[in-house]
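To keep things clear, I will list the structure first and then write my remarks on it.
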Amino acid sequence: MPNFEQMMRIFLYVGILLVLLGFFSFEVDAQCSMCKAVLESNMQSGEDAKGKGINGGIIYIMFVPYIIMAVAGYFTYKHIQKINKAQA
C-alpha cells in the first residue's frame, strides 16, 4: 500500500491535470437526440439562444460529479492527515 506522501503526490498530479483540462477546455455541442432535433429546428428558424442555453446546462450538469468527487477527496485527505497525526 502506498504511503501518505505517495498518495498526496498522486492527488497533486490529478489536481494539476484537472486544472489544466479546465484551462484548455473548448465548447462542446453534445445533446441527446431529442434535444438535438429541437435545437436544429430552432437554429433553422434563426433562434440560437436556446441552443447555447441547453449546451450551458449540459456543461453545468457534467461538472457536478467532479465537484462532489473533489469534496470527497478533500475530506478523505483531512481524515488521512488526522490519522497520521494520531499515529505520530
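Here are the numbers for the structure shown:
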quantity	calculated
Tabulated pairs, segment 2-16, first over 15 Å from residue 72 (Cβ atoms), second of a type outside the set (Val, Ile, Thr), C-beta under 7 angstrom, 6+ apart or interchain	4/84
Residue match in segment 20-33 (condition: surrounded by 12 or more Cβ atoms within 10 Å (Cβ to Cβ), outside any loop (DSSP other than H, G, I, E, B) and modelled with pLDDT of 75 or more)	no
Every residue from segment 39-68 that is modelled with pLDDT of 70 or more, surrounded by fewer than 12 Cβ atoms within 10 Å (Cβ to Cβ) and among the aliphatic types (A, V, I, L, M)	61, 62, 64, 67, 68
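The values are calculated or read from the model by the stated rules, or taken from the named source; none is laboratory data. A quick note: this is a predicted structure, and the numbers were derived from the prediction, not measured. When we count neighbours, we look across all protein chains shown, and the Cβ atoms used for this are built from the backbone with ideal geometry, even at glycine.
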